[in-house]
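S.K.: To start, I am sharing the structure in question, which I have written as structure tokens.
The values are calculated or read from the model by the stated rules, or taken from the named source; none is laboratory data. Everything quoted here is computed from the prediction, not taken from an experiment. Ligands, DNA and RNA are stripped out before the accessible areas are found, and what is left, the full protein with its side chains, is counted by its heavy atoms. Shrake-Rupley method; radii C 1.70, N 1.55, O 1.52, S 1.80 Å.
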Amino acid sequence: PMLKLQPEEFKDAVVEKSREVNTLLANKSNPAEADEYKAWIKKIADKVAHAASEGGILGFGGEQFSEQEKMAISEINSALGIA
């Protein structure tokens, strides 16, 4: 079954999983591997956040990278221990 989460719930779940991944990487990999994986996750999160505009009409106008998305990316990065 598919979980139906509100955006804030989804973000919180991603942040929590990011913390778990950070702990796992610290315990099971070397620093170079951990950094490579974190850079990959950061790249994916950035692409997703920039993928669509919010607001506007029929895809015109709106905001490409909202303040909420910026905050979510910041929280994910913090949970992963990256800037």
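S.K.: In nm, what is the difference between 0.36 nm times the number of residues separating Met71 and Glu36 and their Cα-Cα distance?
M.R.: 10.3 nm
S.K.: May I ask you to evaluate 6.51 cos²θ - 1.76 cosθ + 1.60, the Karplus curve with θ = phi - 60°, for each residue of segment 69-74 and list the ³J(HN,Hα) values in order in whole Hz, giving x for glycine and proline?
M.R.: Couplings: 5, 4, 5, 5, 4, 4 Hz.
S.K.: With every protein chain in place, what's the accessible area of Ile82 (1.4 Å probe, Å², nearest 10)?
M.R.: Ignoring ligands and nucleic acids, Ile82 comes out at about 50 Å².
S.K.: Short version: ³J(HN,Hα) in whole Hz for each residue of segment 35-43, in order, from phi by Karplus 6.51 cos²θ - 1.76 cosθ + 1.60 (θ = phi - 60°), x for Gly and Pro, what are they?
M.R.: 5, 5, 5, 5, 5, 5, 4, 4, 4
S.K.: Expressed in nm to one decimal, what extension gain is obtained for the pair Lys4 and Lys47 from 0.36 nm per residue of sequence separation less their Cα-Cα distance?
M.R.: 13.3 nm
S.K.: Which ³J(HN,Hα) values in Hz, rounded to whole numbers, follow from the phi angles of segment 13-21 under the Karplus curve 6.51 cos²θ - 1.76 cosθ + 1.60, where θ = phi - 60° and Gly and Pro get x?
M.R.: 5, 5, 4, 5, 5, 5, 4, 4, 5
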